[in-house]
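Note sheet for the following structure.
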Amino acid sequence: METIKLSKEQPPVIKMGEMLDSEKIEILKRSNVRYLWVKIPPATPLVIEPQKIDKIKKDIKDIFKTAGEKMTINKKNIENLSQEIVNNVVKNFSDKISLIFLIQENDEEYTYVHEVHVGIISSLVAMEMGLKISDIARLTFSAIIHDVGKIMVPKDILYAPRRLTQNEFEVVKRHVEFGERICKLSKVEDEFVLSGVKDHHEKLDGTGYLRGLKSDNISLPARIIAIADIYDALISNRSYKAPWSPYKAISELIRMASMGKLDKKVLSAFISILGLYPIGTTVLLNSSEKAVVVANTKDHITQPVVRLQDGSVVDISKEKNLRVIQVLD
């Protein structure tokens, strides 16, 4: 459960870790809180346990802190973190994927949480696409430092609780250039890794930044990280925007791919992993029952594993007469 505060002066309406009951739900409704993140007990083994994700996040925070002080990153530490993620992905990769994301308390915390999430998602997508384990590790290395260049962006711009001016956005855009510079100063010379750092904001139609690359000029690592990056950014709570529901974020990725901005093959692998109805999505079944998605079955993207209101768990892919007819988020 995330902490919900209506203002800085007032005490929290709900604190992180609290259990939701009917009284608290009514308080949230009266306070016009439309969405909040809650922890849902998984129906299948998690790809990575939240405690491990939190530990990786803290390690990345230390890496970014050192980068800010010395303009270098520790290759060995990042390789170890990447391998830890990959080991968990390989161990728990199956036909059913259960993945829980961390909740960040503030915009600065988001920087580190985001790196972890993008690393995990990218690793899963690469696994689904059949990349070699060694290449998945290299991709994950790139993904968990893809935004390291943001340490060179002034904090009053990076954490501004408002829409940025065009000049400010031009400064933020340079984080990909800064990230490449930090990597090279750290003797990270693998182009497979570097391409993910410097090109994850490029778009297939040439409308991305900084170089305006098109189609085949954008590497596979950059294409994978781009989709993971956009998805996690959309579903995250920031001081200047409310989080999108996972289903809405998936829909936006599909729209962007249909416009020729994102790689459709990569997106197909992404949806195979997260499902069309990501974990936490509330759906209405044709039985008139409401349910919450708790896991997804690969190759059955429209037939998730759900938890009904009575607490029972149902795998819709195994129920011939049951299907999702509406998303209620």
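The values are calculated or read from the model by the stated rules, or taken from the named source; none is laboratory data. Because the structure is a prediction, the values reported are computed rather than measured. All Cβ positions, glycine included, derive from the backbone under ideal geometry; neighbour counts span all protein chains shown. Just so you know, the surface numbers come from the protein's heavy atoms only, side chains and all, with ligands and any DNA or RNA stripped out. Shrake-Rupley method; radii C 1.70, N 1.55, O 1.52, S 1.80 Å.
Maximal additional length on extending the Thr207-Lys184 stretch stands at 5.7 nm, based on 0.36 nm per residue less the C-alpha distance. In the full protein context, segment 182-229 carries 40 Å² of accessible surface per residue, based on a 1.4 Å probe and ignoring ligands, DNA and RNA. Take every pair of alpha-carbon atoms less than 8 Å apart whose residues are at least six positions apart; their mean separation over the length of the chain yields a relative contact order of 15 percent.
Two numbers describe the Cα atoms of the chain: Rg and Dmax, which are 19.8, 60 Å.
Rounded to the nearest whole Hz, the Karplus-based 3J(HN,Hα) values (6.51 cos²θ - 1.76 cosθ + 1.60, θ = phi - 60°) of segment 147-153 follow the sequence 10, 4, x, 5, 5, 9, 8, with x at glycine and proline. Computed over segment 172-272, the convex hull of the alpha-carbon atoms projects to a mean area of 6.9 nm². The Asp135 and Lys52 beta-carbon pair, evaluated with R₀ = 30 Å, returns a calculated FRET efficiency of approximately 0.85. Near Pro45: Cβ cut-off under 13 Å, other residues only, Lys/Arg at +1 and Asp/Glu at -1. The net charge is +1.
The solvent-accessible area of Ser268, taken with every protein chain present and a 1.4 Å probe, is close to 70 Å².
For the chain, a crude dipole built from +1 on the beta carbon of Lys and Arg and -1 on the beta carbon of Asp and Glu, taken about the Cα centre, is about 300 debye to the nearest 20. Taking every C-alpha pair closer than 8 Å and separated by at least 6 residues, the mean separation divided by the residue count of segment 113-205 gives a relative contact order of 31 percent. The apolar share of the surface of segment 125-271, taken as the fraction of accessible area on carbon and sulfur atoms (1.4 Å probe, ligands and nucleic acids excluded), comes to 53 percent. Rg and Dmax over the alpha-carbon atoms of segment 64-206 stand at 15.7, 46 Å. Candidates Ala137, Pro154, Thr111 compared by Cα position along the dipole of segment 85-208: farthest toward the positive end lies Ala137, with charges placed on Cβ.
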